[in-house]
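A quick write-up on the structure given underneath.
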Amino acid sequence: MNVPKSGYRVFSANSSAACTELDANLLISLIMFFASKIETRVDVKESVRGQTIFIIQTIPRDVNTAIMELLVMAYALKTSCAKNIIGVIPYFPYSKQCKMRKRGSIVSKLLASMLAKAGLTHIITMDLHQKEIQGFFSFPVDNLRASPFLIQYIQEEIPDYRNAIIVAKSPAAAKRAQSYAERLRLGLAVIHGEAQCSESDMADGRHSPPCVRNTTGHTGLELPLMMAKEKPPITVVGDVGGRIAIIVDDIIDDVGDFVAAAEILKERGAYKIYIMATHGLLSADAPRLIEESAIDEVVVTNTVPHEVQKLQCPKIKTVDVSMILAEAIRRIHNGESMAYLFRNITVDD
């Protein structure tokens with residue numbers, strides 16, 4: 001039997017617009033921010049003792065400030081004797097830094113430890129860059145999926161989508177693309193070649209530890225030398241001629257790879273090119289590059305604020321996913337199962 005829990009509040013940091021989009025029936029209690037040039041101070045205006053607190057924090061362009069606000073807010077609520085502090089973070093920052101790169105650090109693991117130390121007891125997020133990031137946390141993580149909303153957009157907003165083909169812009173994205181293709185009953189194409197070396201060579205740890213040219217110590221051990229990798233010329237595995245090409249990914253930030261993929265698909269005969277992604281970071285001059293490219297439309301969810309980018313590029317469209325976040329908050333508050341939000345969801349989605 002599900003017994004509703006009494007006493008809960010929904011707080012918002014500097015993303016109050018995201019909070020109001022969730023559900024008009026949610027009780028929103030604001031806390032006071034006192035920001036100066038060097039620090040941020042948080043004062044809780046009312047008692048939260050023994051209550052369950054939801055902190056909604058979307059991640060704008062100033063990522064580090066948003067993280068610090070979240071940490072300070074969580075710690076203020078913890079020291080005010082809140083019972084549970086649940087972070088609603090639609091886009092989890094630093095998620096690409098989840099693997100060792102040479103002598104770098106696994107920053108997403110560090111961030112998970114910081115959030116736990118600040119007082120968070122639960123995280124609600126969406127489409128982590130790598131699902132294994134959930135293992136970095138010492139508390140529960142609900143990793144919601146945006147794919148049902150993006151698939152619905154394809155079915156309702158793309159004319160003649162039955163003539164489309166799902167495209168993975170690199171072999172690493174093939175599993176996600178295959179999941180979309182199977183659900184939409186469409187074909188699958190994969191782009192492979194030199195243009196896809198920006199992240200894959202760095203993110204999978206193949207350069208860790210780094211090569212050491214001058215070694216001291218025992219020299220009698222001779223290890224076999226690995227041949228240097230050489231990417232083949234860029235190719236498209238699959239027929240895209242006369243089709244609508246739909247490139248799917250989880251994050252679109254630096255759009256250089258997407259623009260290059262769109263040009264290749266145009267050369268291979270695709271007559272329309274769409275990009276579907278969960279998190280539209282769209283940093284630097286991404287809107288201008290999209291506007292000048294062969295891409296017809298970029299569809300992202302509202303996990304990351306991108307109103308300025310939409311004004312700069314009419315090709316950018318938004319899919320609202322606030323409904324599933326609001327439902328997750330309601331279910332957690334009422335002690336209900338979260339399984340309904342993951343029905344028919346597989347690991348590859």
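The values are calculated or read from the model by the stated rules, or taken from the named source; none is laboratory data. Please read these numbers as outputs of a predicted model, since none were measured by experiment. Cβ atoms come from the backbone with ideal geometry, glycine included; neighbour counts cover every protein chain shown. Calculation scope for accessible area: heavy atoms of the full protein, side chains included, ligands and nucleic acids excluded. Shrake-Rupley method; radii C 1.70, N 1.55, O 1.52, S 1.80 Å.
Below, the figures for the structure above:
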quantity	calculated
Residue-by-residue Karplus 3J(HN,Hα) for segment 147-153, coefficients 6.51, -1.76, 1.60, Hz, glycine and proline x	4, x, 6, 6, 5, 4, 4
Computed over segment 84-186, Cα set: Rg, Dmax in Å	17.0, 51
Set 109/315; 229/272; 109/229; 45/109; 131/175; 96/169 screened for pairs whose C-alpha atoms are more than 24 Å apart	109/315; 229/272; 109/229; 45/109
Cβ-defined net charge surrounding residue 286, 13 Å radius [Lys, Arg +1; Asp, Glu -1]	-2
Total formal charge among the other residues, if their Cβ is under 9 angstrom from that of residue 177, Lys/Arg +1 and Asp/Glu -1	+2
Solvent exposure, largest accessible area first (probe 1.4 Å, DNA, RNA and ligands not counted), of 306, 333	333, 306
With DNA, RNA and ligands ignored, accessible area of residue 156 (1.4 Å probe; Å², nearest 10)	120
